[in-house]
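The values are calculated or read from the model by the stated rules, or taken from the named source; none is laboratory data. Values in this document were obtained by computation on a predicted structure and should not be read as measured data. Every residue, glycine as well, gets a Cβ built from its backbone with ideal geometry; the counts of neighbours run over all protein chains shown. The protein model used for the area step is the full one, side chains on, heavy atoms only, and it has no ligands, DNA or RNA in it. Shrake-Rupley method; radii C 1.70, N 1.55, O 1.52, S 1.80 Å.
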Amino acid sequence: MTLHFPFDNTYAALPNGFFARVAPTPVMSPRLVRLNRPLALHLGLDPEWLAGSEGVETLAGKRVPEGADPIAMAYAGHQFGHFVPQLGDGRAILLGEVIDADGVRRDIQLKGSGPTPFSRRGDGRAALGPVLREYIVSEAMAALGIPTTRSLAAVVTGENVVRETLLPGAVLTRVASSHIRVGTFQYFAARSDVAGVRRLADHVIARHYPEVAGAEHPHRALLDVVIARQAGLVARWLLVGFIHGVMNTDNTSVSGETIDYGPCAFMDSYDPATVFSSIDEQGRYAYGNQPRIALWNLTRFAECLLPLLSGDQEKAIAEAQSALGEFADKFDNAYYAGLRRKLGLFTARDDDPKLAGDLLKAMADNEADFTLTFRRLSDAALGPEGDAAVGQLFADPAAFDAWAVRWRQRTSDELQDAPARQAAMRAVNPAFIPRNHRVEAVIEAAVNRNDFTPFEELVTVLAKPYEDQPAFIRYAEPPLPGERVLQTFCGT
Ligand code: AMP
Ligand code: MG
């Protein structure tokens with residue numbers, strides 16, 4: 001057997017308590033749904049082999065590739081605010097790590113590949129629908145330029161999984177710069193295993209943040225950089241209307257990538273209170289709550305690091321508080337810089353947040369579509385003849401017109417000309433996002449009619465979110481009233 005995955009595994013070399021060694025469970029008759037060829041090449045993998053029978057068996061967990069050291073990672077986590085001391089990979093198995101074309105270490109993980117010692121009452125399996133959703137949304141996020149885990153492949157297993165009904169089983173091959181979560185730190189902290197926390201922190205520094213290794217206090221610097229990454233990440237979610245849906249600490253990656261796409265969704269009309277997830281009854285993870293929740297999760301992370309921050313508990317707490325105190329500014333800076341770009345402002349002025357906030361308020365009051373408003377505003381940068389197309393999106397177009405006067409006034413003071421502003425805005429305001437009604441329709445066609453054409457088409461369109469793609473203009477449209485999706489369901 002030739003080496004098809006050039007594995008170089010470091011997590012599996014950590015002490016035994018960090019994971020359980022477990023092989024994927026073979027499945028009956030795997031079939032490839034989709035292989036992400038560009039990503040395969042980037043990872044140094046052979047797409048032809050992956051798409052062939054041996055490759056597909058590997059992607060389905062039926063065959064363990066040479067050099068793999070399959071493990072299920074241990075972690076804990078706060079789920080909707082309640083601490084669970086042991087979660088872990090209950091339906092995912094890390095095959096190993098490879099170094100990609102940029103020199104970045106990447107985990108190759110099978111999600112839905114059978115039970116592990118962490119499965120609790122679960123079957124370790126994934127249904128096709130959630131696998132397609134994760135594939136679509138994670139790849140869309142990558143194309144939008146947002147840090148995220150990636151999807152290398154989706155396969156169906158040829159077996160059914162039992163949910164409320166029988167559903168086709170599937171496996172997603174997920175690629176991440178690591179699968180280390182805030183909950184991974186909590187796992188050791190909850191056991192008062194300071195040596196484990198230290199070992200993990202040093203692994204994370206070496207792997208994700210080598211630049212902090214030389215800092216005077218590397219663990220404080222680690223806390224700072226994780227806070228900065230998370231603040232930047234959530235700002236970027238808000239700027240595209242993304243709602244994660246289950247921002248539990250076990251779904252918060254310390255690398256700053258978006259991870260664990262469950263009942264996630266993109267907002268259509270702008271409303272900060274938007275919630276889609278069927279399991280989020282209180283709206284804890286509503287669109288507009290995400291910055292607050294990120295800080296809450298980071299506070300749990302800081303608590304884990306306390307023993308590393310100082311031998312003196314009071315000093316350690318003061319360090320943690322000072323680090324967490326930076327979150328609000330870091331978030332605001334990233335968010336308002338992003339809003340400025342969305343409005344085509346090249347310079348920064350003190351009253352820009354107010355200008356942006358007033359547009360968002362008018363959008364909320366008038367149920368304007370978030371994505372289309374900014375996309376059409378990009379073209380309105382050429383002149384007021386573009387305003388009608390934006391105003392149409394508002395229940396009362398006059399609400400936009402009043403704001404547009406102020407916006408033109410503000411942009412007229414800048415040096416850049418209108419075409420430069422339009423181009424800059426089009427590069428940050430996508431035309432295409434994975435709209436929920438489209439994602440649901442794709443899943444319905446695949447699961448109920450074994451028709452994967454809509455899935456293929458949607459994935460293709462979303463690969464170029466900032467291009468107009470006139471042939472696919474329908475994918476840019478918000479749902480009609482009858483098409484609106486009100487709830488999304490978990491990946492389990
Ligand atoms: P999630 O809601 O996907 O973030 O998962 C939360 C926890 O439940 C993790 O520990 C998962 O591994 C576990 N889990 C979710 N679905 C399953 C399943 N079908 N079988 C076993 N464990 C699962
Ligand atoms: Mg999870």
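Considering the conditions (1) part of a helix (DSSP H, G or I); (2) crowded, with 16+ Cβ neighbours inside 10 Å; (3) not basic (Lys, Arg), LEU345 is excluded by exactly one of them, (1).
ILE108 meets all of the listed conditions (1) under 23 Å from ALA190 (Cα atoms); (2) more than 16 Å from ligand 2 (Cβ to nearest atom); (3) under 20 Å from the mean Cα position of the chain (by Cα) but one, namely (1).
Of all residues in the range 216-251, those satisfying the criterion of being open to solvent by 40 Å² or more (accessible area, probe 1.4 Å) and not in a helix (DSSP H, G or I) are GLU216, HIS217.
For SER277, the test of being within 16 Å of ligand 1 (Cβ to nearest atom), out of contact with any Leu (no Cβ under 9 Å at 6 or more places or on another chain) and within 25 Å of ALA176 (Cα to Cα) is passed. The residues of the range 140-176 that are of a type in the set (Gly, Ala, Ser) and either assigned by TED's automatic domain parsing to the domain that holds HIS208 or open to solvent by less than 10 Å² (accessible area, probe 1.4 Å) (or both), listed by number, are ALA140, SER151, ALA153, ALA154, GLY169, ALA170, ALA176.
A count restricted to the range 89-105 and to residues that are buried (at least 21 other Cβ atoms within 10 Å of the Cβ) and within 15 Å of ligand 2 (Cβ to nearest atom) stands at 5.
Scanning the range 271-302 for residues that are open to solvent by less than 30 Å² (accessible area, probe 1.4 Å) and either outside the structural domain of LEU200 (by TED's automatic domain parsing) or under 19 Å from VAL137 (Cα atoms) (or both) returns THR274, PHE276, SER277, SER278, TYR285, ALA286, TYR287, GLN290. Checked across the range 458-468, the condition of being more than 19 Å from the chain's Cα centre (by Cα), hydrophobic (A, V, I, L, M, F, W, C) and away from ligand 2 (no atom under 16 Å from the Cβ) holds for no residue.
Being out of contact with any helix residue (DSSP H, G or I) (no Cβ under 8 Å at 6 or more places or on another chain) and within 15 Å of ligand 1 (Cβ to nearest atom), is that true of even one residue in the range 261-271? Yes, the conditions are met somewhere in the range 261-271. On the stretch given as the range 305-317, residues that are open to solvent by 10 Å² or more (accessible area, probe 1.4 Å) and assigned to a helix (DSSP H, G or I) total 8. Only a single item in (1) away from ligand 1 (no atom under 16 Å from the Cβ); (2) more than 24 Å from ALA76 (Cβ to Cβ); (3) not aromatic (Phe, Trp, Tyr) is not met by ILE243, and it is number (1). Determine if the range 252-268 includes at least one residue that is hydrophobic (A, V, I, L, M, F, W, C) and open to solvent by 10 Å² or more (accessible area, probe 1.4 Å). For the range 252-268, residues hydrophobic (A, V, I, L, M, F, W, C) and open to solvent by 10 Å² or more (accessible area, probe 1.4 Å): absent.
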